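Colleague: Below is a structure I'd like to ask you about.
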Amino acid sequence: MRLSILVPVYNVASYLSALLQNLLTNLPADMELVFYDDASTDNSLVQIQTFKQNNPCLPVRILQGSKNVGLTIARSKLLNSTNAEYIWFVDADDKVEASLFDRILLILKSDKPDVLLFNYDVFYDGTEQIKHQEKLSFYPKNSLVYASGKQIYRTAILDGKHYFWNKIFRRELIVDVVDYKIPAYEDIAYTPILLSQCRSFYYFAETVVHYRIRNDSIAQKMGIKQAYGILAYVEQALYASTVVLDRKSQAYLLYKACIYYFRILKNVEKSNISENDKEQLLKLSNQLFNLKKFSVWKIAGLLFRAGMLDKAVKLIYKNICFKINTTGFQ
């Protein structure tokens, strides 16, 4: 297979039919679909099985988990299940422009990039209203570009759009590169590392993915797992400084860890989660934030030396505000 579309599935029955119908009508011959059902408790698995049975000529495979392992590990199991030349993680609740598949496959076949990147937009679940459209900072558009892993890494970090689902990777470059252990925010934790393995990219400047904002998603709903966003940024900053040797990316990632931490502290008290969950979230957030090993003032200095004065000023301002309003903030 030229390309495997890898789809982790967990309790997304209400969204699957639209995705499956779209894929059904546009799936080229040298693409396959691989689903991993992460022990769904709704009828997600039944929908996929029915889809496969009704379309016996399509290359569709279904993996089943006996217990729920979470999105991060589900991605790992999907990656290890295929030998395709390229892989693309697609979220089951999003929409894709399958009409662009032929053009994507042509690029992969003729230009053979290590990674193909593309645009996306973001829409609200239920209303279908577009929140915003996102374009990437990679340049030039629509052509194969050879670059160092450091260049590709830094562009993605500073761009801030380092998601799994708007990138197609050459599979052999990313197998066994990361451990897929972080419970949440695996996009931040791992995608830039995978990008640092690449030495060429193709920026396909079309909107291929329509990302759905769900109120019950980890990113939107306050809960313990939100603390792992801090860990993702902190560990990525360590990778930037020790492996990629990019101080600018390190400074920016430490800045993002601080801003994310501030946001949690601001929102946790007004959330409707239990007092015990609030306590656990704050405790874990503080533990993970302290792993950064840099004071806020030192991070501001790193930002200043990296030419990001506006972010240095914002960080100092946020720090002063939280020292005034939050007891025990370090």
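Colleague: Residues to consider are 262, 294; find the one that is in contact (Cβ under 8 Å) with a residue 40 or more places away in the chain and farther than 15 Å from residue 228 by Cα.
Modeller: Values: 262 fails: farther than 15 Å from residue 228 by Cα.
Going through 262, 294 in turn, just one is in contact (Cβ under 8 Å) with a residue 40 or more places away in the chain and farther than 15 Å from residue 228 by Cα: 294.
Colleague: Where residues in segment 254-272 are open to solvent by less than 30 Å² (accessible area, probe 1.4 Å) and farther than 14 Å from residue 300 by Cβ, which of them is modelled with the lowest pLDDT?
Modeller: Kept after step one, since they are open to solvent by less than 30 Å² (accessible area, probe 1.4 Å), are these residues of segment 254-272: 254-255, 257-262, 264-265, 268, 271.
Restricting the remaining residues to those that are farther than 14 Å from residue 300 by Cβ gives 260-261, 264-265, 268, 271.
On the way: 260: 94, 261: 94, 264: 92, 265: 88, 268: 86, 271: 83.
Filtering segment 254-272 for residues that are open to solvent by less than 30 Å² (accessible area, probe 1.4 Å) and farther than 14 Å from residue 300 by Cβ, the one modelled with the lowest pLDDT comes out as 271.
Colleague: Next question, about the same structure. Just the residues that are farther than 23 Å from residue 44 by Cβ, buried (at least 20 other Cβ atoms within 10 Å of the Cβ) and in contact with a helix residue (DSSP H, G or I) (Cβ under 9 Å, 6 or more places away or on another chain), please, taken from segment 95-129.
Modeller: Scanning segment 95-129 gives 113, 114, 115, 116, 117, 118.
Colleague: When residues of segment 83-94 are filtered for being closer than 15 Å to residue 34 by Cβ and in contact with a helix residue (DSSP H, G or I) (Cβ under 7 Å, 6 or more places away or on another chain), how many remain?
Modeller: Pass one, segment 83-94, residues closer than 15 Å to residue 34 by Cβ: 83-92.
Narrowing further to those that are in contact with a helix residue (DSSP H, G or I) (Cβ under 7 Å, 6 or more places away or on another chain): 84-87, 89, 92.
Final tally of qualifying residues: 6.
Colleague: Which of the residues that make up segment 109-118 are over 12 Å from residue 142 (Cα atoms) and not small (Gly, Ala, Ser)? Let's see the steps before the verdict.
Modeller: Step one: of segment 109-118, the residues over 12 Å from residue 142 (Cα atoms) are 109-110, 112, 114-115.
The answer is 109, 112, 114, 115.
Colleague: List the number of the failed condition for residue 305; all other conditions in (1) of a type in the set (Lys, Arg); (2) within 16 Å of residue 158 (Cα to Cα); (3) under 27 Å from the mean Cα position of the chain (by Cα) hold.
Modeller: Of (1) of a type in the set (Lys, Arg); (2) within 16 Å of residue 158 (Cα to Cα); (3) under 27 Å from the mean Cα position of the chain (by Cα), only one is false for residue 305: (3).
Colleague: Look through 13, 39 and report the one residue that is among the small types (Gly, Ala, Ser), in contact with a Gly (Cβ under 9 Å, 6 or more places away or on another chain) and over 21 Å from residue 99 (Cα atoms).
Modeller: On the way: 13 fails: in contact with a Gly (Cβ under 9 Å, 6 or more places away or on another chain).
Only one candidate passes the filter, namely 39.
Colleague: Condition first: touching a Phe, Trp or Tyr at 6+ places or on another chain (Cβ under 7 Å), closer than 20 Å to residue 116 by Cβ and of a type in the set (Val, Ile, Thr). Can you find one or more residues in segment 6-20 that meet it?
Modeller: Within segment 6-20 (the criterion being touching a Phe, Trp or Tyr at 6+ places or on another chain (Cβ under 7 Å), closer than 20 Å to residue 116 by Cβ and of a type in the set (Val, Ile, Thr)), the answer is yes, since at least one residue qualifies.
The values are calculated or read from the model by the stated rules, or taken from the named source; none is laboratory data. Just so it is clear, the structure is predicted and the values come from calculations on it, not from any experiment. Please note: Cβ atoms are built from the backbone with ideal geometry, for glycine as well, and neighbour counts cover all protein chains shown. With ligands, DNA and RNA removed, areas are computed over all heavy atoms of the protein, side chains included. Shrake-Rupley method; radii C 1.70, N 1.55, O 1.52, S 1.80 Å.
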